[in-house]
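Below is one structure, written out as structure tokens; comments come after it.
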There are 2 protein chains.
Amino acid sequence: MRIAELSQTTGVPVPTIKYYVREGLLPPGELTSPNQAQYGQAHVRRLKLVRSLIEVGGVSVAAVRDAMRSIDEPGTDLHTKLGATHYLLGPAAPLSVGAEDLEQAQGEVETLLADLGWESVRKNPAVAVLVQALATLHWLGQDGYAERLASYADAARDAARTDFDVLGTSDLADADAVIESAVVGTVLGDVLLAALRRLAQEQMSAAAFRPSGPASAHPE
Amino acid sequence: MRIAELSQTTGVPVPTIKYYVREGLLPPGELTSPNQAQYGQAHVRRLKLVRSLIEVGGVSVAAVRDAMRSIDEPGTDLHTKLGATHYLLGPAAPLSVGAEDLEQAQGEVETLLADLGWESVRKNPAVAVLVQALATLHWLGQDGYAERLASYADAARDAARTDFDVLGTSDLADADAVIESAVVGTVLGDVLLAALRRLAQEQMSAAAFRPSGPASAHPE
């Protein structure tokens, strides 16, 4: 395919694709004439990966370049390839998704709240955050995560139960102390859970994708 | 106690305490002479709450002032008091904690990794993030969360298992696709889990702390 079709398939604008090629994030297309190049499915996949790292993961262009070099190293196993990017990930950046994706996500959240009997929390600003994250997953073609929303809700509820166990140990007549504990637990709990989830992911990646042999962490 | 002792007890500098009083976040002390005020335990609790909201929760001074007004409204139940702050919470800001808290947190993380058999993930930058978050909890006197680290690890592992289920549906021979899915799932999964946890927390707060009557969300 030509660069215009590559752009259409991936949603990445043509000037951005050219920039990625110049910066070494994407291999150049095969020249079919002095000013025309052809791109294949490998370019589509690599471009989607690069876009996800930069736009969703908040990774710098230089770090993506280094990661792509590690991934393309011959003989690298999947665990090591995963690790080349996993340690780089920053916080999520908001992407502007389409109305259709938003609508689908809204429906999914409605269904979830109804299934869980959580209808009274509709005014919580976290509902809009949840809808936006789900819509972004759909927009990126990662529907598998949205399909497992109920499993994530289970994990989140288990964490919230632990939060509530801690609150229960404070003097409930002292509202300031309860609220202080809830504020700190909610905000720092996000950090705890995000860090622990990354450790669990690496552990599972090592078990599933690393050839047996001497133990080694992701990037050496 | 005098303002100097209030400062020592809470770790909040005297000029900051004076600023909070001027801004209406903290009630003034009782004047015992024209330029000396006395503070009590209620000030200690309120000051710790205000500090947690501003420094840990990233909440603005104006928003804290509004929240304190709702909390002090006579006849408010604990669920509504919690809600007055819960919807305001931003991301965690790093606090500079003491060496002792860091050491304690390091020991706890070491124990956790050993208990879970996760020793091979020690190079993951999430380990340092985890240590910092735990140390901050200790520094804030919220040891209850750190004591339940294993429960949070269980919840995080359940979430990571779901992440891995999704990865397993992609073509494992296509490393770019696997990594793209992992990047997107890791980063947006943080957002999903944080949002779902807040919804679960509100649901539990309503069940535990709201007097029975017509259903109402946190802030009306």
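The values are calculated or read from the model by the stated rules, or taken from the named source; none is laboratory data. Owing to the predicted nature of the structure, the values given are computational and were not obtained by experimental measurement. Methodologically, a virtual Cβ is constructed for each residue, glycine included, from the backbone with ideal geometry; neighbour enumeration extends over all protein chains shown.
Kindly indicate whether any position in the stretch B:90-100 is charged (D, E, K, R) and within 18 Å of the chain's Cα centre (by Cα).
no
When you scan the stretch A:75-108, how many residues do you find that are touching a residue at least 24 places away in the same chain (Cβ under 8 Å), within 11 Å of chain B (Cβ to nearest Cβ) and β-branched (V, I, T)?
So the answer is 2.
Among the listed residues B:T136, B:T111, identify the single one that is over 22 Å from A:K81 (Cβ atoms), more than 8 Å from chain A (Cβ to nearest Cβ) and β-branched (V, I, T). If you could, list the steps in order and put the result at the bottom.
Numbers: B:T136 fails: more than 8 Å from chain A (Cβ to nearest Cβ).
Answer to the check: B:T111.
From the list A:L167, A:L172, A:L140, which residue is of a type in the set (A, V, I, L, M, F, W, C) and touching a residue at least 60 places away in the same chain (Cβ under 8 Å)?
Answer to the selection: A:L140.
Considering the stretch A:138-172 alone, what residues qualify as being hydroxyl-bearing (S, T, Y), farther than 18 Å from B:L167 by Cα and modelled with pLDDT of 95 or more?
A:T162
For A:A63, which of the numbered conditions (1) touching a Pro at 6+ places or on another chain (Cβ under 9 Å); (2) part of a helix (DSSP H, G or I) fails to hold?
So A:A63 meets the others, but not (1).
Residues that are more than 7 Å from chain A (Cβ to nearest Cβ) and in a helix (DSSP H, G or I): does the stretch B:169-177 have at least one?
no
Would you point out the residue of the stretch B:56-72, among those that are surrounded by fewer than 19 Cβ atoms within 10 Å (Cβ to Cβ) and under 16 Å from the mean Cα position of the chain (by Cα), that is farthest from B:D190 (Cα to Cα)?
B:S60
Go through (1) surrounded by 20 or more Cβ atoms within 10 Å (Cβ to Cβ); (2) within 7 Å of chain A (Cβ to nearest Cβ); (3) under 27 Å from B:A105 (Cα atoms) for B:A146 and report which single condition fails.
Only one criterion is unmet by B:A146, namely (2).
Looking only at the stretch B:12-55, which residues are crowded, with 23+ Cβ neighbours inside 10 Å and of a type in the set (V, I, T)?
B:I17, B:V50, listed by residue number.
Would you mind telling me which numbered condition in (1) more than 7 Å from chain B (Cβ to nearest Cβ); (2) surrounded by fewer than 18 Cβ atoms within 10 Å (Cβ to Cβ) A:D165 fails?
(1)
How do the pairs read when you match residues in the stretch A:187-198 that are more than 15 Å from B:Q201 (Cα to Cα) and assigned by TED's automatic domain parsing to the domain that holds A:D154 with residues anywhere that are β-branched (V, I, T) and surrounded by fewer than 24 Cβ atoms within 10 Å (Cβ to Cβ), using Cβ under 8 Å and keeping only pairs 6 or more apart or on different chains?
Once the first residue is more than 15 Å from B:Q201 (Cα to Cα) and assigned by TED's automatic domain parsing to the domain that holds A:D154 and sits in the stretch A:187-198, its partners that are β-branched (V, I, T) and surrounded by fewer than 24 Cβ atoms within 10 Å (Cβ to Cβ) give A:V191/B:V129; A:A194/B:V129; A:A195/B:V127; A:A195/B:V129; A:R197/B:T186; A:R198/B:T186.
Here are the criteria: (1) at pLDDT 90 or above; (2) farther than 23 Å from B:T16 by Cβ; (3) more than 8 Å from chain A (Cβ to nearest Cβ). Tell me which single one B:A63 does not satisfy.
For B:A63, the exception is condition (2).
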